[in-house]
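See below for the structure under consideration.
The values are calculated or read from the model by the stated rules, or taken from the named source; none is laboratory data. This is a predicted model, so every value here is computed, not measured. Methodologically, a virtual Cβ is constructed for each residue, glycine included, from the backbone with ideal geometry; neighbour enumeration extends over all protein chains shown.
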Amino acid sequence: MTPDNAPSPAPFGAFAPNAAQAAIIRLAQRSGLKRGAFRPWMSRLVDLLRGGPVDVQYQGASFRFYHQGSATERGALFNPDYNLDELDFLRQHTKAGGSFVDVGANVGTFALVMARHVGPTGKVVAIEPHPLTFGRLSFNHAASKAAQVRLVQAAAGDSDGELMIEGGDSNLGATHVVTGTAGSDAIRVPSLRLTRILDEAEVTQVDSLKIDVEGFEDRVLIGFFRDAPQSLWPRAVVIEHLSQNEWQQDCIADMVARGFQITRKTRSNTFLSR
């Protein structure tokens, strides 16, 4: 059996839900229970029926979800509306053939869905530093046949160099940059300025950008908007604000000062456009 903490080389579909798992997943998706302890409980039940990941479609892209150790993967598996407000906002501001940038791409639940929206002539840049998560992103990228997506295994930062990252307790999606004393599970990863990443990806115009880097958003965005030409500024941004108490500077206020408007806020994210 494939362990839950390592990507499997088996082709997509090898872990399609069995009949009992599929019934549980459908029940979860049709229920009104979206948060709290519900999804971890359903995840444990699905895992009891057959341990390991499951291969499913989410928002039209193909994913192998290791749901037991990732809140993001549980959310996308059990909630058909997971991040739907954010995705609809990004799609609204991104034209077919356009460009989308995903800073903190995780396993691709934004990047690979947006790839379908921009189409084969568009561009998506998916930035993810954690080696294990990047491996899952790479698998989902190949399974989704999203050739327009460029994968970048690095942390976006305020300078080129290296950073230390560490995972969240029992939630790989909560991986964050270490700004204090590193724990025993910390990993050293490359760090690149967003302007450099876009230059190397030959992206000269950005329709929309999503950023979720667990409290490091200000270090990525303040320098980007300071140094990048306005022609490279995205027209729409979705930024996770749950960890804004860890920001050294208020990057949302910085964007507003540069002409962005806050159009909406959800429990987790702020939507901005210009």
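For region 100-145, residues that are surrounded by fewer than 24 Cβ atoms within 10 Å (Cβ to Cβ) and under 15 Å from Phe12 (Cα atoms) total 7. A single entry from Ser243, Ser191 fulfils the requirement of being touching a helix residue (DSSP H, G or I) at 6+ places or on another chain (Cβ under 9 Å), among the polar types (S, T, N, Q) and surrounded by 15 or more Cβ atoms within 10 Å (Cβ to Cβ): Ser243.
Against the numbered list (1) buried (at least 20 other Cβ atoms within 10 Å of the Cβ); (2) without any contact (Cβ under 8 Å) to a residue 40 or more places away in the chain; (3) closer than 28 Å to Asp227 by Cα, Thr204 comes up short only at (1).
When Asp185 is tested against (1) surrounded by fewer than 17 Cβ atoms within 10 Å (Cβ to Cβ); (2) at pLDDT 95 or above, exactly one condition is not met: (2). Checking Phe38 against (1) at pLDDT below 95; (2) over 16 Å from Pro17 (Cβ atoms); (3) touching a strand residue (DSSP E or B) at 6+ places or on another chain (Cβ under 9 Å), only one condition comes out false. Which one? With (1) at pLDDT below 95; (2) over 16 Å from Pro17 (Cβ atoms); (3) touching a strand residue (DSSP E or B) at 6+ places or on another chain (Cβ under 9 Å) applied to Phe38, the lone miss is (3). Screening Asp227 with (1) at pLDDT 95 or above; (2) surrounded by 17 or more Cβ atoms within 10 Å (Cβ to Cβ); (3) touching a Ser or Thr at 6+ places or on another chain (Cβ under 6 Å) gives one miss only, at (2). If the condition is being charged (D, E, K, R) and over 17 Å from the mean Cα position of the chain (by Cα), then region 226-266 contributes Arg226, Asp227, Arg235, Glu246, Asp250, Asp254, Arg258, Arg264, Lys265. Consider region 153-182 and keep the residues that are of a type in the set (D, E, K, R) and surrounded by 15 or more Cβ atoms within 10 Å (Cβ to Cβ). The one that is modelled with the lowest pLDDT is Glu166. Is it the case that Ala28 is over 28 Å from Val220 (Cβ atoms), at pLDDT below 95 and out of contact with any strand residue (DSSP E or B) (no Cβ under 8 Å at 6 or more places or on another chain)? Yes: the conditions hold for Ala28.
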